[in-house]
1. Assigned to a helix (DSSP H, G or I), within 24 Å of residue 96 (Cβ to Cβ) and open to solvent by less than 30 Å² (accessible area, probe 1.4 Å) - does that describe any residue in the stretch 185-208?
2. Could you check the stretch 43-53 and list, in sequence order, the residues that are in a helix (DSSP H, G or I) and open to solvent by 10 Å² or more (accessible area, probe 1.4 Å)?
3. Please find, among 247, 223, the residue that is of a type in the set (Asp, Glu) and either within 30 Å of residue 140 (Cβ to Cβ) or open to solvent by less than 60 Å² (accessible area, probe 1.4 Å) (or both).
4. Does residue 163 qualify as being among the β-branched types (Val, Ile, Thr) and crowded, with 16+ Cβ neighbours inside 10 Å?
5. From the list 85, 92, 108, which residue is among the hydroxyl-bearing types (Ser, Thr, Tyr) and over 19 Å from residue 265 (Cα atoms)?
6. Do the conditions hold for residue 256, that is, is it within 25 Å of residue 103 (Cα to Cα), under 25 Å from the mean Cα position of the chain (by Cα), among the aliphatic types (A, V, I, L, M) and at pLDDT 85 or above?
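The values are calculated or read from the model by the stated rules, or taken from the named source; none is laboratory data. Because the structure is a prediction, the values reported are computed rather than measured. Here the Cβ positions follow ideal geometry from the backbone for every residue, glycine too, while neighbour counts run over all protein chains shown. All accessible areas refer to the heavy atoms of the entire protein, side chains included, with ligands and DNA or RNA removed. Shrake-Rupley method; radii C 1.70, N 1.55, O 1.52, S 1.80 Å.
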Amino acid sequence: MYGSYPTAVVTPSFHSRSGTLYNLEDSPQLSSWTIFRFYSPLAISWIFMGLDGPVCEGIINRLRHPEINAAAWPILMAIAIWIESPVIDLLSTSTTLAKDRQRYEQISRFVWYLLMWVTVAHAAIVLTPIYGWVAGTLMGVKPAVADAARAGLIILIPWSAMIGWRRYLQGILIRHGETRAIGLGTSARVAALIIVGVGLFLTTHLPSIVIAAIALMAGVALEAGLIHWISRDVIARHLNRVTDSCEPPLTMKKLIGFHFPLTATTMVNLLVMPLVSAGLARTDRPVLALAGYGVAGAILFLHRAVTFCIPEVVITLYKGDATVAKLRAFSLGVGAISSTLILLLGLTGLDRVLFSWLIQAKPPIAEVAHGCYLLSAAVPFVDAAQAYVRGLLTAHHLTVSRLVAVLAAMVVLVGVIAVGVSWRWSGPVLAATAVTSALLAELVVLSVAWDRAKTLTQVLATR
């Protein structure tokens, strides 16, 4: 289950204020400031990506049929992101493995195969009767909501390929210390999203979810193109020359063996949103519950987003036991601050202002969103703890343990949803309890896996 315990050698470089480069390994201690400098551009990038939800929800709630389209939004995102899941971990794969020209060329071939596969899969699902089975039979979504979501999903057919390409190149940029470029790309994405979304909102009579989908595509297309352009120089400087290496070449079999457990983990993990949506679709007021869940999720994502880049930070900056305490403290600190902010906004009622003013949610939807949001206060802290342990496991190529953890989480999630539906819990209680319980279960399994891996290493070192 845990395999061997090789260390992923990643040596980041940073620009000092004078413009010169210095290497992390030149410093005997990893400082919190060094971690923050590496982390902050990635976190800002995730926060900007998190603005997609509030912007699109704001458009949806300002046009006709807001309740139907707001309920369709989490369905659209759940299906689109699940189809996209095989390419999401290209970020970790390229960050860890893109060390030289041979590996870069091998990973590039693998990426193109993967991008073609997810594009065909997306088209096959949304353009055929498979969609009716997924949305209607599996998820239990009402026909009007399913039809609205489908219109947006058709527009998003190229979405996964563009996401995969830019995440692959972002991993290369991260590995070579060019994290600021990632923030630039995401800033351009948000700008394009807002310009296109607001422009269509003011000048057309398209359905709101169609406007949101077009705006999403425009933003992702611009970001992917910009990251492609920026990465050309980094690749030319670091990956286009043949280097002497004592490591064996990266074969396609080894690459698949590394990436598949990550992909399987993400695919299972991304079932959370469809499963929760399916549970909410079976509550007493399903359309209202789904709409409120979507609105709350748009803001909650911003709190969670600051933890999503922690695995890449740990993968890159981890240098053995000397760096563990600093990385752990930093990761948990990020999660604690984010969870505390939820409590402050939720308990003071300021979150209702965000839902009503920023997203323009109608009062019944905003009230359901308030419940989902406040009851999910622990989620960012658990996310941060998970992200720290996942980073350690990935840095040591122990990716299978991540899959085992997320499978355990899914068992807990399904069990809690089943109990919530049978006991007729309200939408907010069902969604928050199911997600938080699943995340805690995953954290426990990840922690046990890391402890066992460390023990195994200590035993082998004494032989």
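1. For the stretch 185-208, residues assigned to a helix (DSSP H, G or I), within 24 Å of residue 96 (Cβ to Cβ) and open to solvent by less than 30 Å² (accessible area, probe 1.4 Å): present.
2. Matches in the stretch 43-53: 44, 46, 47, 48, 49, 52, 53.
3. Going through 247, 223 in turn, just one is of a type in the set (Asp, Glu) and either within 30 Å of residue 140 (Cβ to Cβ) or open to solvent by less than 60 Å² (accessible area, probe 1.4 Å) (or both): 223.
4. Against the criterion (among the β-branched types (Val, Ile, Thr) and crowded, with 16+ Cβ neighbours inside 10 Å), residue 163 qualifies.
5. Only one candidate passes the filter, namely 108.
6. When the stated conditions are applied, residue 256 passes them.
For (1) touching a helix residue (DSSP H, G or I) at 6+ places or on another chain (Cβ under 8 Å); (2) open to solvent by 30 Å² or more (accessible area, probe 1.4 Å); (3) of a type in the set (D, E, K, R), each residue gets a yes or a no:
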{"site": "393", "(1), (2), (3)": "yes, no, no"}
{"site": "402", "(1), (2), (3)": "yes, no, yes"}
{"site": "406", "(1), (2), (3)": "yes, no, no"}
{"site": "410", "(1), (2), (3)": "yes, no, no"}
{"site": "414", "(1), (2), (3)": "yes, yes, no"}
{"site": "423", "(1), (2), (3)": "no, yes, no"}
{"site": "430", "(1), (2), (3)": "yes, no, no"}
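Residue-by-condition table, conditions (1) within 25 Å of residue 85 (Cα to Cα); (2) modelled with pLDDT of 90 or more; (3) aliphatic (A, V, I, L, M):
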| residue | (1), (2), (3) |
| --- | --- |
| 151 | yes, yes, yes |
| 157 | yes, yes, yes |
| 169 | yes, yes, yes |
| 184 | yes, no, yes |
| 195 | no, yes, yes |
